Amino acid sequence: MSIRTNILGYPRIGVNRELKKAEEAYWAGKITKKELLDAAAQIRKENWQLQKEAGIDLIPSNDFSFYDQTLDLSLSVGAIPERYNALKDDLLELYFAMAHGYQKNGIDVTAMEMTKWFDTNYHYIVPEFTKDQQFKLTYNKAASEFAEALALGIKTKPVLVGPVTYLLLGKEKEAGFNRIELIDRLLPVYIEILKELESKGAEYVQIDEPSLCTDLSPEAKDAYRKAFDAIRKATRLKIILTTYFGPLADNAALAAGLGADILHIDLVRAPEQVGSIAALLPNDISLSLGVVDGRNIWKNDFRQSLDIIEKAKEKLDSSRLLVATSCSLLHSPIDLDAETDDKTLPREVKRWLSFARQKVSEVVTLADLADGKGSYAAQKALHENKADIQDRRTSALTNNAEVQKRLEAVTPEMAKRNSPFSERIRQQHEALGLPLFPTTTIGSFPQTTEVRSWRSKFKKGELSKDEYIALLKGEIEKTIRIQEEIGLDVLVHGESERNDMVEYFGEQLSGFAFTRNGWVQSYGSRCVKPPVIYGDVSRPNAMTVDWAVYAQSLTDKPVKGMLTGPVTILQWSFVRNDQPRALTMKQIALAIRDEVTDLEKAGIKVIQIDEPAIREGLPLRKVDRDEYLDKAVEAFRISASGVKDSTQIHTHMCYSQFNDIIRHIALMDADVITIECARSQMNLLGAFAEFKYPNEIGPGVYDIHSPRVPSVQEMVELLRKASQVINPAQLWVNPDCGLKTRGWTETEASLRNMVQAAVLMRK
Ligand code: GLN
Ligand code: ZN
């Protein structure tokens, strides 16, 4: 038997985001349920057929989801929080209610929480567990989609989130128990799902246990043994135990000993583990080699992958090997062939890329080549691949000698402000003359349909550059006047020229390319289109200075310059894989540094460098975290440290967990940090108080995610609470995040109340 091929999951949004369109139309009441179900079935069918035609042996099913695969499992096993009881008659309504809340027919229930899936930008719906949590088979989605594919003549491999990962991803909704203990109650239902798959004719099942690539407690390890022991005893299905997003490391023996039929490992994130894992495997277990990157967009380097496969072949017979994607292709855009715009994605760069559909072919070709000499077609592909890889390595587009020289010349001094904070803040107070409890906003003001229409008209050529600039200047003036009238202390220009806080900068930096259709699911029907960083990054021209200077020319109050930081730009892009990420991050840091110093030269006294993505880049394993954080902090500091002491640097992060990273947050040494706080009722300030955070802080006093106008009184309460743990002289007053998604009416009303609250606090 030759080497087989294995795809862990395929994007489910549809080539032209058909799922998004159908879902949003269904939610708006514009199409029927049947039309939605048909659209979904069509996507599944196309995905299966595409993989079948490509010659994939193990084609996934149940990788489709209307929202999220973790939520699918919650519904399947009946982990449905009580507040949805009134909606149980219609499973699809119930499902969407759990995903994004429900406000109809006199019922008003909130959504379940959503958070990032491991270290990706994909968000899953967090399972909620209670102490006496019961599970009950509610809907066997996996079995139904397996049967659907079978009816089309395709025998698939159903995919399920593994039982231990599922519990670990969840949250206890009350005290007094540990969710991992629920494994005993979950297993019988999980096994019911598997048995039904078996009886419907399934031969394999893919059980996703990415948690095996994280630090596990002894209880979690026991749960693994218990779960897989029970599963093995209960079913004859061949189990593909699937791990990804990192090395198994200290969990390798555990994973190899769980009695799966196939163990899948991620050889993109952790190529070095191939030999040791292959050596560790019991005789009856096969190894699935995840060599094709499911999370990035670069063409596979066949030579490199074949070397890895060769290492496995030294220990294991070909019949025990599979070639696979490293993880689900959910995290890749769908089809490179759809990219035909030379202006945003140069042809030479396109030649280096591979999206989900192309990755499926790569898996097939690699298996073919690894098996012997390979077919004629595979040989030809290898030959072309060598040329493409070589082209990328030596291209003038990727290499910029000047950037590299500049990088080598970075000194530790460049990551340091001239004076310590105590001296800087003295000079800043003198220069800015701000009151106690100074008020500001996070940057963006409402982006109305009108503002967005100017941008799209300008892009289409329906507005000239001058006309576009004139319209934006009008918007900036309006935004400044409103802020002055409301009485804010540090103003912003409002960011109306920006589509997205990363794309806006990427479009003006060298080394970035953009796709037209490279959408990747972020959560539910929401997709993002990350920029592609393919080459050395530099900043040919100032990016924000004109807007900031214009805004400042309109007012005597300080206007805050607004930038996105290097960590966030990196984190929200597809990053080149031919040099360490930290190096690319440093290049971006230098580009942002140039912008910061240009802003200062142009007379801007306060500059904010947003870093909302610092936390999400945190490595899955604790041992790797300090190194990541050190580099992230260094990049931020390089970008921020080119200015005089009297220039005030702000940063912003919109989340609320700081406990484990507070030391590094402090090391960033921003003069002012604004953070999310309103939803947690200032509780998260605890981390800052305990740490004795030395610099100034603006804890968000209201949640911008809702149109609700907060009262003066409630914001005063929050500020009082903050003043109890933080020295009032350190406190700023601001919303949680940018106001881009809000309307003007509620924005004005809320900010008026906020300023009023600050005034009361000063008394
Ligand atoms: N300055 C950005 C804004 O106000 C910050 C956005 C963010 O934190 N995600 O929109
Ligand atoms: Zn924010």
Quiz item: Name the residues in segment 104-160 that are of a type in the set (Lys, Arg) and in contact with a helix residue (DSSP H, G or I) (Cβ under 6 Å, 6 or more places away or on another chain), would you?
Solution: Lys116, Lys141
Self-check item: Flag for Thr411 being within 16 Å of ligand 1 (Cβ to nearest atom) and either farther than 23 Å from Glu746 by Cα or within 31 Å of the chain's Cα centre (by Cα) (or both)
Solution: no
Exercise. Sort out which residues of segment 722-759 are within 16 Å of ligand 2 (Cβ to nearest atom) and not hydrophobic (A, V, I, L, M, F, W, C), and write them in order of number.
Key: Asn734, Pro735, Asp736, Gly738, Lys740, Thr741, Arg742, Thr747, Ser750
Quiz item: Are there any pairs, at least 6 apart or on different chains, whose C-beta atoms fall under 9 Å, with the first in segment 641-655 and closer than 18 Å to Thr564 by Cβ and polar (S, T, N, Q) and the second within 9 Å of ligand 1 (Cβ to nearest atom) and part of a loop (DSSP other than H, G, I, E, B), and if so, which?
Solution: Thr651/Glu611
Quiz item: Of all residues in segment 424-464, which are within 28 Å of the chain's Cα centre (by Cα) and of a type in the set (Lys, Arg)?
Solution: Arg452, Arg455, Lys459
Quiz prompt | Residue satisfying all of: in segment 606-635; within 21 Å of Ile675 (Cβ to Cβ) and in a loop (DSSP other than H, G, I, E, B); farthest from ligand 2 (Cβ to nearest atom) among these | solution = Leu618
Self-check item: Contacts under 7 angstrom Cβ, first residue in segment 736-750 being surrounded by fewer than 20 Cβ atoms within 10 Å (Cβ to Cβ), partner part of a helix (DSSP H, G or I) and modelled with pLDDT of 95 or more, 6 or more apart
Solution: Glu748/Ile482; Glu748/Ile486
Quiz item: Which of the residues that make up segment 1-22 are under 21 Å from the mean Cα position of the chain (by Cα), in a helix (DSSP H, G or I) and not charged (D, E, K, R)?
Solution: Leu19
Quiz item: Going through segment 231-247 one residue at a time, which ones are in contact with a helix residue (DSSP H, G or I) (Cβ under 6 Å, 6 or more places away or on another chain) and over 18 Å from Leu212 (Cα atoms)?
Solution: Ala234, Thr235, Leu237
Quiz item: Does segment 492-520 hold any residues that are hydroxyl-bearing (Ser, Thr, Tyr) and surrounded by fewer than 21 Cβ atoms within 10 Å (Cβ to Cβ), and which are they?
Solution: Tyr504, Ser510
Self-check item: Out of Val567, Val502, sole residue that is under 29 Å from Arg351 (Cβ atoms) and touching a helix residue (DSSP H, G or I) at 6+ places or on another chain (Cβ under 7 Å)
Solution: Val502
Practice problem: Would you confirm whether any residue within segment 43-53 is more than 15 Å from Lys155 (Cα to Cα) and touching a residue at least 24 places away in the same chain (Cβ under 8 Å)? | Solution: yes
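Residue by residue, here is whether (1) away from ligand 2 (no atom under 16 Å from the Cβ); (2) over 17 Å from Phe505 (Cβ atoms); (3) more than 24 Å from the chain's Cα centre (by Cα); (4) surrounded by fewer than 22 Cβ atoms within 10 Å (Cβ to Cβ) holds:
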residue: Val532; (1), (2), (3), (4): yes, no, no, no
residue: Ser538; (1), (2), (3), (4): yes, no, yes, yes
residue: Asp546; (1), (2), (3), (4): yes, no, yes, yes
residue: Leu554; (1), (2), (3), (4): yes, yes, yes, yes
residue: Val567; (1), (2), (3), (4): no, no, no, no
residue: Ile592; (1), (2), (3), (4): yes, no, no, no
Exercise. Being of a type in the set (Val, Ile, Thr) and under 31 Å from the mean Cα position of the chain (by Cα) is the filter; apply it to segment 130-160 and report the residue that is farthest from Ala41 (Cα to Cα).
Key: Thr130
Self-check item: Conditions (1) surrounded by fewer than 22 Cβ atoms within 10 Å (Cβ to Cβ); (2) without any contact (Cβ under 8 Å) to a residue 60 or more places away in the chain; (3) in contact with a helix residue (DSSP H, G or I) (Cβ under 8 Å, 6 or more places away or on another chain); (4) closer than 28 Å to Leu248 by Cβ: number failed by Val623
Solution: (3)
Self-check item: Close pairs from segment 342-366: first within 17 Å of Arg12 (Cα to Cα) and assigned to a helix (DSSP H, G or I), partner modelled with pLDDT under 95 and of a type in the set (Val, Ile, Thr), Cβ under 6 Å, at least 6 apart
Solution: none
Quiz item: Counting only residues that are in contact with a strand residue (DSSP E or B) (Cβ under 7 Å, 6 or more places away or on another chain) and either at pLDDT below 95 or assigned to a helix (DSSP H, G or I) (or both), how many does segment 314-341 have?
Solution: 4
Practice problem: Given the conditions (1) farther than 20 Å from Cys654 by Cα; (2) modelled with pLDDT under 95; (3) surrounded by fewer than 22 Cβ atoms within 10 Å (Cβ to Cβ), report the number of the one that Tyr523 does not fulfil. | Solution: (1)
Quiz prompt | Test for Ala589: is it more than 16 Å from ligand 1 (Cβ to nearest atom) and either in a loop (DSSP other than H, G, I, E, B) or among the small types (Gly, Ala, Ser) (or both) | solution = yes
Exercise. Evaluate the following for Ser510: is it more than 30 Å from Asp337 (Cβ to Cβ) and either β-branched (Val, Ile, Thr) or over 19 Å from the mean Cα position of the chain (by Cα) (or both)?
Key: no
Quiz prompt | Qualifying positions in segment 468-519 - hydroxyl-bearing (Ser, Thr, Tyr) and more than 30 Å from Arg12 (Cβ to Cβ) | solution = Tyr468, Thr479, Ser496, Ser510
Quiz prompt | Single unsatisfied condition, Val164 versus (1) outside any loop (DSSP other than H, G, I, E, B); (2) touching a residue at least 40 places away in the same chain (Cβ under 8 Å); (3) farther than 30 Å from Gly246 by Cβ; (4) touching a helix residue (DSSP H, G or I) at 6+ places or on another chain (Cβ under 6 Å) | solution = (3)
Practice problem: Run down Ile207, Ile191 and say which single residue is crowded, with 24+ Cβ neighbours inside 10 Å and in contact with a Ser or Thr (Cβ under 9 Å, 6 or more places away or on another chain). | Solution: Ile207
Quiz item: Which one is farthest from Val189 (Cα to Cα) among residues in segment 209-248 that are aromatic (Phe, Trp, Tyr) and touching a residue at least 40 places away in the same chain (Cβ under 8 Å)?
Solution: Phe245
Practice problem: Quick one: which residue in Ala687, Ala666, Ala670 is within 15 Å of ligand 2 (Cβ to nearest atom) and either touching a residue at least 12 places away in the same chain (Cβ under 8 Å) or of a type in the set (S, T, N, Q) (or both)? | Solution: Ala670
Quiz item: Within segment 729-741, can you find the residues that are over 20 Å from Pro710 (Cβ atoms) and either within 16 Å of ligand 1 (Cβ to nearest atom) or not aliphatic (A, V, I, L, M) (or both)?
Solution: Gln730
Practice problem: Tell me which residues, restricted to segment 664-690, are at pLDDT 95 or above and not small (Gly, Ala, Ser). | Solution: His664, Ile665, Leu667, Met668, Asp669, Asp671, Val672, Ile673, Thr674
Quiz prompt | Matching residues, segment 569-586, being under 19 Å from the mean Cα position of the chain (by Cα) and not in a loop (DSSP other than H, G, I, E, B) | solution = Ile569, Leu570, Gln571, Phe574, Val575, Arg581, Ala582, Thr584, Met585
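The values are calculated or read from the model by the stated rules, or taken from the named source; none is laboratory data. In this text, all values refer to a predicted model and were calculated from it rather than measured experimentally. When we count neighbours, we look across all protein chains shown, and the Cβ atoms used for this are built from the backbone with ideal geometry, even at glycine.
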